[in-house]
Amino acid sequence: MDEMEEELKCPVCGSFFREPIILPCSHNICLACARNILVQTPDAESPQSSRASGSGVSDYDYLDLDKMSLYSEADSGYGSYGGFVSTPTTPCQKSPNGVRVFPPTVPQPPAQQHLLPQPSSLPLIPRNSCITCPQCHRSLILDDRGLRGFPKNRVLEGVVDRYQQSKAAALKCQLCEKSPKEATVMCEQCDVFYCDPCRLRCHPPRGPLAKHRLVPPAQGRISRRASPRKISTCTEHELENLSMYCVQCKNPVCYQCLEEGKHGTHEVKALGAMWKLHKGQLSQALNGLSDRATEAKEFLVQLRNMVQHIQENGVEFEACLVAQCDALIDALNRRKTQLLTQVNKEHEHKLKVVRDQISHCTVKLRQTTGLMEYCLEVIKENDPSGFLQISDALIRRVHMTEGQWGKGTLTPRMTSDFDLTLDSGPLLQTIHQLDFVQMKVPAAPMLQLEECCTQNNSATLSWKQPPLSTIGVDGYILELDDGNGGPFREVYVGTETICTVDGLHFNSTYKSRVKAFNSSGVGQYSKTLIMQTSEIAWFTFDPASAHPDIIFSNDNLTVTCSSYDDRVVMCNSAFSRGVHYWEMTVDRYDNHPDPAFGIARGDVLKDVMLGKDDKAWAMYVDNNRSWFMHNNSHTNRTDGGVSKGATIGVLLDFTRRILIFLINDEQQGPVAFEGLEGSYYPAISLNRNVQVTLHTGLPIPDFYTPGEGDPNGSVC
């Protein structure tokens, strides 16, 4: 009930409606508010409306505000209120609530006020006043009939009154003996208010009471306070009651309106009948609106659940992101430690090499200096013989020592620079390119049941991704079972969302499902769809696989040949399961040819008689007799041939794995072939002397009983 409160408030004053009137645009407004937003048009200043100063007649009249007729602007589109007048309105301003407020009218001079009746409750109203709807802002010009031209909304007034009464006080239980408790429900059938204990004790939800409708107390009170039906009077003829309804003007009218007014030539109906009709239409419309409201409530629940899920997923995703970034930082720190260790090793190696070289050079330099000092002292000696005894050895030692200080000895073995450069560019680029990538598999597709269908032995399936799914899809995988409860197999892989699968078994039930995939993997399967192929096969001859000499007509149901040699034509449906029967009638038979009828593999030879190779099983027949032939082996010669108008029947039973031929509804010879397995096409070979027409969708012959493998005897 609280939601309805906004419907019961005036758009001008914001309070509950008081004496509401209906504007031609179907919006409502309080009568007092209508008076407040009236504005005088320039027509009121025209000479025709002026009065002589001595006549005692004012430019303003004390008129009942509800006795003014109205006209619409030329572009307003209100066609149910008589003539139209297009008049510019006085400039206006808008109030804070969006309602246009016009300048106040000029008060009546005191000297002239005593000349007209002065009802104390009615203010002055200028002639040719204008009123603007506060909701759609359409302007209306009023004439001397006043606001009474607007019908009063008595229904709205009654609803407001009942609503205010229901809010006035809490409803009490009518069955409590002492200190009645606050009522929680009301039974519309019993017309009694119950509290919860009394409802459980006196109105249990079982037996006949289970069908009673319990409503909230406020709603029940409003229904109980429904105002009695009032008799309305005509706004044009105040003494006449409204008794009819004008269909063209869509307004209630009185008898005098039909006799004298503009409604005389209009279609009218009884007021009560139209009342019931419109109530029914409103109730029907409300049913649809109620369904939409229920859907909206469920949708709001879904959205609120989504808010909670988004918050939960946001927290979870944020935590995952922080963990991933922390892992990257930890990895970088570990690598930093490794690189620092490598730098330290290089640093220690350089120091060791330089220090070893310093130590080596120091020792060598000490030895060289000692040798030099010793040689100088030897040179100072004056003993020639003694000097000559050691001079050669000293000279060799000096040269040898000098040689030890040769090239490279005084060159540093290690540079002071570190020949290491950290290549961080690619890593920095990778960090800058670090972004979110798709890491989830696609959601399960949704099969579009309205577009999925079967036709003959073909099945068409259509699907789409869920509307809220944002995960990319690279393609789809469609799977079907074998039509006999076997395992699923892939029949399509690609990017399309619709697929037709041909060559299925007739009279079989297939299960189908589809899943999507992307670079992250394969998603879940859709719901399994069960599809039934046609019980009866309708097929034709196939121009695509026929020999070029074959001539087609009658929508590929009739064939002949342009050659004198036998040519093969197959049908466009293959059979591998069930019991199948079809017939061919001979439309033309000249010069006693030998047409052959039967079944064939898809790779049968097309330029020889059917049955000449090991890919066909046939019966060839002339005008007197017939033979069975497979792999050029002729068997079972049988009397009885064909002529123009003859009918050849072919019965293929996979439950018994046999093939039987008929001529003119009589079996021709014994069972022609046994042990048949695999997939076979109906086929025929003929030359230019023969023309035949194919008939499909036929019942199994009466003489034949299906095998145990096909208990229902279903045929195609």
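Rounded, prolate or oblate: which one fits the stretch 499-547, using the alpha carbon gyration tensor with axes a ≥ b ≥ c (rounded when a/c is under 1.5, else prolate when a/b beats b/c, else oblate)? Because a/c hits 1.5 or more and a/b fails to exceed b/c, the stretch 499-547 counts as oblate. Value of Rg to Rh for the stretch 452-534, rounded to two decimals, is 0.99; Kirkwood radius and Rg both from alpha-carbon coordinates.
At a 1.4 Å probe, what is the % contribution of carbon and sulfur to the accessible area of the stretch 417-526? Walk me through the numbers before you get to the answer.
Details: 3530 of 6740 Å².
Heavy-atom surface of the stretch 417-526 belonging to carbon and sulfur, 1.4 Å probe: 52 percent.
Once the 1.4 Å probe is applied to the protein heavy atoms, the stretch 280-423 comes out at 85 Å² accessible per residue.
The amide H of G523, built 1.01 Å from its N in the peptide plane, has A516, F517, N518 as neighbours under 5 Å, considering only residues 5 or more places off or on other chains. Note on the stretch 279-348: dipole from Cβ charges, positive end direction compared against N287, Q302, V343; the farthest Cα belongs to N287. If the cut-off is 30 Å between C-alpha atoms, which lysines fall inside it for K606, apart from same-chain ones fewer than 8 positions away? Straight-line reach from K606, under 30 Å: K615, K644. The GluC sites (Glu not before Pro) of the stretch 353-428 meeting both criteria, a DSSP state outside H, G, I, E and B (loop) and at most 13 other C-beta atoms within 10 angstrom of the site's C-beta, are E381. Quick check: from the Cα gyration tensor, does the stretch 189-337 come out rounded (a/c under 1.5), prolate or oblate? Taking the square roots of the gyration eigenvalues as a ≥ b ≥ c, the stretch 189-337 is oblate.
From the square roots a ≥ b ≥ c of the eigenvalues of the alpha-carbon gyration tensor of the stretch 299-367, which class results: rounded (a/c under 1.5), prolate (a/b over b/c), or oblate? Intermediate results must be reported in sequence, preceding the final value.
Values: a/c = 16.34, a/b = 15.49, b/c = 1.06.
Cα axes put the stretch 299-367 in the prolate bin.
Any of K178/K211; K152/K297; K9/K152 with alpha carbons more than 24 Å apart? Name them for me.
Values: K178/K211 29 Å; K152/K297 35 Å; K9/K152 15 Å.
Check vs 24 Å cut-off fails for K178/K211; K152/K297.
Tally Lys and Arg at +1 and Asp and Glu at -1 over the other residues with C-beta under 14 Å from the C-beta of Q338: what net charge comes out?
Working: positive: R334, R335, K336, K345; negative: D330, E346.
Within the 14 Å Cβ shell, the charges total +2.
Residue ranges 520-529, 692-701 sort as 692-701, 520-529 when ordered by packing (mean number of other C-beta atoms within 10 Å per residue, highest first). Where the centroid of each part is defined by its Cα atoms, how far is the stretch 337-412 from the stretch 533-578 in Å? Rounded to whole Å, the Cα centres lie 109 Å apart. Multiplying each eigenvalue of the alpha-carbon gyration tensor of the stretch 385-510 by 5 and taking the square root yields semi-axes of 93, 22, 9 Å, largest first, rounded to whole angstroms.
Ignoring aspartates and glutamates fewer than eight residues from K250 along the same chain, the ones with Cα atoms less than 17 angstrom from its Cα are E236, E267.
The residues of the stretch 433-552 expose on average 56 square angstrom of accessible surface per residue, using a 1.4 Å probe on protein heavy atoms. Note that the stretch 607-700 presents 40 Å² accessible area per residue, ligands and nucleic acids not counted, probe 1.4 Å.
Evaluate the charge dipole of the stretch 512-584 about its Cα centre and quote only its size in Debye, nearest 20, assuming +1 on the Cβ of each Lys and Arg and -1 on the Cβ of each Asp and Glu.
On the way: 5 positive and 7 negative charges, 156 e Å.
I would put it at about 760 debye.
The count of lysine pairs in the stretch 334-385 whose Cα atoms are under 28 Å apart, excluding pairs fewer than 8 places apart on the same chain, comes to 6.
I want the local charge near G403. Using Cβ-Cβ distances under 13 Å, sum +1 for each Lys or Arg and -1 for each Asp or Glu among the other residues.
Numbers: positive: K364, R396, R397, K407; negative: E402.
It works out to a net charge of +3.
Which trypsin sites (Lys or Arg not before Pro) does the stretch 366-457 hold that lie in a coil by DSSP with at most 14 other beta carbons within 10 Å? The qualifying sites are K407, R413, K440.
The values are calculated or read from the model by the stated rules, or taken from the named source; none is laboratory data. Worth saying up front: this structure is predicted, and the values here are computed from it rather than measured. Quick reminder, even Gly has a Cβ in these numbers, built from the backbone with ideal geometry, and neighbours come from all protein chains shown. Just so you know, the surface numbers come from the protein's heavy atoms only, side chains and all, with ligands and any DNA or RNA stripped out. Shrake-Rupley method; radii C 1.70, N 1.55, O 1.52, S 1.80 Å.
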